[in-house]
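Structure first, then comments.
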Amino acid sequence: MNRFTSLKLAAAMIPVLAFGIGGAMADEHEMDTNDGNAMEEQDANDRDDAPHIDRMPAQGLHASDLMDKKVHSRDSDEEVGEISDLVIDQDGRIIAVVIGTGGVLGMGEKDVAIAWDRIDRSTENDEVKLYIDMDEDTLKEAPEYERD
């Protein structure tokens, strides 16, 4: 009977040990999450204190890298237009690019705004190349972007 009681006691301890370890792991996870949040807050504080940056952020672009850049159809690699402007929201994020398409030498050209997240970017020979999943005819049929 002593042996049976020991087995029952051991069986009863398994959930306690499991929850105890699980609780410690949860606390550890919370600490990691809190540490991550503290690091993000520290990075944000560093940015707020410094009025400048000293290098391009990872995956960053200069506006000049986009202006007048040719846009190509993903399917055919054909040039379908050229970026003539950027649409930026109140937080400073690019939300769309204005692409001039059609026309000859800028005459008869139509401006179409395409959401920034629909533009695929790649770098070839240190040059930014832009692609969309549309051809020139599709762009010509799109509603014209009218600047306010």
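Residues of the stretch 46-76 being assigned to a helix (DSSP H, G or I) and among the small types (G, A, S), which ones?
A63, S64
Show the residue pairs that are 6+ apart or on different chains and have beta-carbon atoms under 6 Å apart, the first residue being within the stretch 80-104 and under 17 Å from E146 (Cβ atoms) and among the hydroxyl-bearing types (S, T, Y), the second being part of a loop (DSSP other than H, G, I, E, B) and open to solvent by 10 Å² or more (accessible area, probe 1.4 Å).
Between residues of the stretch 80-104 that are under 17 Å from E146 (Cβ atoms) and among the hydroxyl-bearing types (S, T, Y) and residues that are part of a loop (DSSP other than H, G, I, E, B) and open to solvent by 10 Å² or more (accessible area, probe 1.4 Å), there is no close pair.
What strands (runs of 3 or more DSSP E), lying completely within the stretch 77-140, carry at least 3 residues that are more than 16 Å from A63 (Cα to Cα) and touching a Cys at 6+ places or on another chain (Cβ under 7 Å)?
Ranges flagged: none.
Within the stretch 56-91, restricting attention to residues that are among the small types (G, A, S) and modelled with pLDDT of 90 or more, which residue is surrounded by the most Cβ atoms within 10 Å (Cβ to Cβ)?
Applying the filter and picking the extreme gives G81.
The values are calculated or read from the model by the stated rules, or taken from the named source; none is laboratory data. What you are looking at is a predicted structure, and each value in this text was computed from that prediction instead of being measured. When we count neighbours, we look across all protein chains shown, and the Cβ atoms used for this are built from the backbone with ideal geometry, even at glycine. The area values use the complete protein model at the heavy-atom level, side chains included, leaving out ligands, DNA and RNA. Shrake-Rupley method; radii C 1.70, N 1.55, O 1.52, S 1.80 Å.
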